[in-house]
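Step one of this worksheet: look at the structure below.
The values are calculated or read from the model by the stated rules, or taken from the named source; none is laboratory data. Please read all numbers here as calculations on a predicted model, not as lab measurements. With ideal geometry, Cβ positions are generated from the backbone for all residues, glycine too; neighbour counts draw on all protein chains shown. With ligands, DNA and RNA removed, areas are computed over all heavy atoms of the protein, side chains included. Shrake-Rupley method; radii C 1.70, N 1.55, O 1.52, S 1.80 Å.
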Amino acid sequence: MTSPQKCAAVVVGAGPAGLAVMGNLLEKQLGGKIAWVDPYFQAGRVNRKYREVPSNTKVALFQAYATAVQSFRSVINSTRMPNAFTTMAKLDQEKTCHLHHAADVVRALTDGIVKMDQVLPCHGAVTAANLVENTSTWTVRIKLRDHDEIEVVTPRLILCTGSSPTEVPIPLKDHPIERLDLDVVLKPSELVSFLSRDTPVTVAVVGASHSAILALLNLVYLARTSHPHLRIKWFTRHPLRYAEYKDGWILRDNTGLKGLAADFARQQLEDAVLPHSEAGQFISKVDCGGGRETAQYEKHLPSCSYIVQAVGFTRDPLPELSVNGSLLKPEFDAVTGGFHDGHGRGVRGLYGAGIAFPERVVDPQGNVEHAVGFFKFMKFLKRVTPQWAAIQ
Ligand SMILES: Cc1cc2nc3c(=O)[nH]c(=O)nc-3n(C[C@H](O)[C@H](O)[C@H](O)COP(=O)(O)OP(=O)(O)OC[C@H]3O[C@@H](n4cnc5c(N)ncnc54)[C@H](O)[C@@H]3O)c2cc1C
Ligand SMILES: NC(=O)c1ccc[n+]([C@@H]2O[C@H](COP(=O)([O-])OP(=O)(O)OC[C@H]3O[C@@H](n4cnc5c(N)ncnc54)[C@H](OP(=O)(O)O)[C@@H]3O)[C@@H](O)[C@H]2O)c1
């Protein structure tokens, strides 16, 4: 291994959050290069898995993200037209769009940022990092795509490592049922060939938030077009919850249904409409509220061939982190973006952002949520990165 390179920061992950961190730190003139590490530099999961998903935020917010920092504006101004930015600029700013537009903007910005002199792009994965407290220096180990390993030393390590669909144990142990990957259900072009067209298939969908409603929408589309034998059992434990637009703020901004998912839910899935709606021809709702979960699964799951769990997202595994050689179990501080160790002590120079490490927000009615979204990451980072930059 070559001798470690010194950098002003190491940013782990090149999804929308890692990119937003880069944009903010580049504005801070940290006085050294910023190492940026990702195996792909392809806009993260939104590009890899969710290009066909309709957004639940309006185009204007993707535009606001893409123009929020000087380095992004420089990339946009120096990218030959037509490009992902000009395409997005032509969309109705007040409407939602498919996520491939947002993913292409992130990819175009990434392509420009990695070429900047202040950036050291590393195609690979961070496998471990150790903080030596008396020098306030992290030694970050990176396994490059060509299998070489390098080390970077830095005062700041920022984790934007993303999350994947949560899998919980299948509620009925003895019944053989195949898992259907949520990512496949959210990608109609893959789903169409995954499920049999000719034999009766019943899919259990668990959940009632954005992912679950889009799963139902995609399955219903197949049932009424190419897959006439497809039926859906929808296991839900709470009523449908929608974002509500108040005067200057949004109730359930992060947890309520928005966009196409909200329209579909209101028009076809509410109890008052489901029995007569087109979706209701294919979906049987299984109400698991009020402690009836186990009984309902026992009754209804045996008739299902697949189960798709749309029950949230879980942080992807982190690199092995240690302080002075002792393993660290970092606890995220969702207000500052920093971390604590198991004893509540701040961990110097370690920060996080993105879907894995979102900001805690409180609305005017006192409801607590975690802010997940392109522009929400940007807003959070604008607030906290000045403190991240200020450490010596
Ligand atoms: C289905 C879905 C739809 C969404 N729709 C919207 C929407 O409409 N509007 C909106 O604003 N937000 C939306 N979001 C929320 C959020 O904006 C996205 O989830 C976003 O992609 C999260 O970005 P991220 O950078 O935190 O994570 P990711 O996109 O997952 O990126 C993480 C990156 O880190 C890399 N990585 C992980 N570990 C390492 C390592 N050890 N070393 C190096 N690299 C590593 C990965 O390869 C990846 O590239 C949606 C989320 C989901 C799940
Ligand atoms: N563009 C889009 O339209 C889109 C699509 C998908 C996701 N997203 C974004 O991605 C993020 C994650 O969204 P998400 O919809 O996947 O998840 P989520 O918003 O985290 O919600 C998870 C849901 O799963 C339910 N749940 C958890 N455990 C369960 C269990 N064991 N059985 C039944 N239900 C269970 C929860 O209900 P309880 O409240 O009862 O626990 C909750 O409704 C959000 O930021 C969202 O905005 C966006």
On average, how much accessible surface per residue is there in the chain, in Å², for a 1.4 Å probe, leaving out ligands, DNA and RNA? 48 Å²
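Of all DSSP beta bridges located in the chain, what percent are antiparallel, nearest 5?
Details: 30 of 69 bridges.
Of those bridges, close to 45 percent are antiparallel.
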Computed over the chain, the relative contact order (Cα-Cα under 8 Å, seq sep at least six) in percent reads 21 percent
Using the crude model of +1 on Lys and Arg Cβ and -1 on Asp and Glu Cβ, and no other charge, please compute the dipole size for the chain relative to its Cα centre, in debye to 20. 520 debye
The percentage of the accessible area of the chain (probe 1.4 Å, all protein chains present) made up of carbon and sulfur atoms, to the nearest whole number, is 51 percent
Please report, in Å, the Rg and the Dmax of the chain, where both are computed over Cα atoms only. 22.6, 69
Rounded to the nearest 10 Å², what accessible area does residue 143 have for a 1.4 Å probe in the complete protein model? 90 Å²
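For 117, 271, 316, 174, give the ranking by accessible area with the largest first, probe 1.4 Å.
I get 174, 117, 271, 316, largest accessible area first.
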With just the Cα atoms defining each centre, how far is segment 60-77 from segment 258-285? Give it in Å. 37 Å
GNM of the chain, Cα pairs under 10 angstrom: of 204, 261, 272, the biggest fluctuation goes to 272
Given the options 372, 335, 203, which has the most mean-square fluctuation in a GNM of the chain, springs set between C-alpha atoms less than 10 angstrom apart? 335
Which one of 96, 161, 225 has the biggest mean-square fluctuation once the chain is modelled by GNM with Cα springs under 10 Å? 225
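Show me 79-89, 21-31 ranked by packing, highest mean number of other Cβ atoms within 10 Å first. Provide the component values of the computation, followed by the final result.
Details: 79-89: 14.4, 21-31: 20.1.
Taking the mean over residues of other Cβ atoms within 10 Å, the ranking is 21-31, 79-89.
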Can you pull out the GluC sites (Glu not before Pro) in segment 149-228 whose DSSP state is coil and whose Cβ has at most 15 other Cβ atoms within 10 Å? 167
With both bridge residues required to lie in segment 167-311, what share of the DSSP beta bridges run antiparallel, to the nearest 5%? 10 percent
